[in-house]
Amino acid sequence: MLLLAVGVILFLGIHLVPTSPELRNGLVARFGAPAYKVAFAVVSFAGLAVIVLGYHKLQMNPGKNVFFGEPPVWLNHVSWLLMLPAMIALVAAYVPSHIHTALKHPMLVAIKIWALAHLLVNWDLGSFLLFGSFLAYAVYDRISVKKRGALGPLGAKKGGIGGDIVVLVVGIGLYAFMLLYGHAWLIGKPLLPA
């Protein structure tokens, strides 16, 4: 549990830096933009690696995790339904489109839906720590970007119907891949029976 907590603190901690323009600008002024970006990437990657390792260890050693019961089977279907718009929003974060414009900050929308979908079907302390932290972060960051007027990786770039088609096709394809193969391959837990 400690390893997972350290990973969450590292990953989300570094992602909280941009939510404070004074802190971010101070670090950039002191160390320079390239050094700030490298440090951000290194700490993010390290945090993500520790999260994956910590969560994997908890899932492989159930005695070190606290379980609160087994969720009803129908919540799996709700979770799967929620993941479709999450995948579409994830793709929309990087493709100029009407979908991107409508969601304003599609990456944060994707994180919120992803975290909620996983909280519905993982009733253990490790999952509550992991997915609950990401959900809280995404809610906080959404409030923060509104106050800061941050535009995200695409800036004010607008897209049209072509972008919408790309977002939908790639998002649905990513969803299908994760549902059928990707989750089992990446996470080690198949979503559908063999």
Order these peptides, 44-52, 158-166, 3-11, by their mean beta-carbon neighbour count within 10 angstrom, highest first. 3-11, 44-52, 158-166
Among the lysines, which fall within straight-line cross-link reach of LYS158, defined as a Cα-Cα distance under 30 Å, with same-chain neighbours fewer than 8 residues apart omitted? LYS37, LYS104, LYS112, LYS146, LYS147
First check a/c for segment 1-65, with a ≥ b ≥ c the square roots of the eigenvalues of its C-alpha gyration tensor; if it is under 1.5, answer rounded, and if not, answer prolate when a/b is larger than b/c or oblate otherwise. prolate
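Of all chymotrypsin sites (Phe, Trp or Tyr not before Pro) in segment 64-170, which ones are in loop regions per DSSP and have a Cβ with at most 13 other Cβ atoms within 10 Å? Before the final figure, lay out the partial values.
Values: sites: PHE67, PHE68, TRP74, TRP80, TYR94, TRP114, TRP123, PHE128, PHE131, PHE134, TYR137, TYR140; in loops: PHE68, TYR94, TRP123.
Answer by residue number: PHE68.
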Treat every Asp and Glu Cβ in the chain as -1 and every Lys and Arg Cβ as +1, leave all other atoms uncharged, and give the resulting dipole magnitude about the Cα centre to the nearest 20 debye. 580 debye
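Here, each number is a calculation from the coordinates, and none is a lab measurement. Keep in mind the model is a prediction, meaning the values are calculated, not measured. Note: ideal-geometry Cβ built from the backbone for every residue, glycine included; neighbour counts use all protein chains shown.
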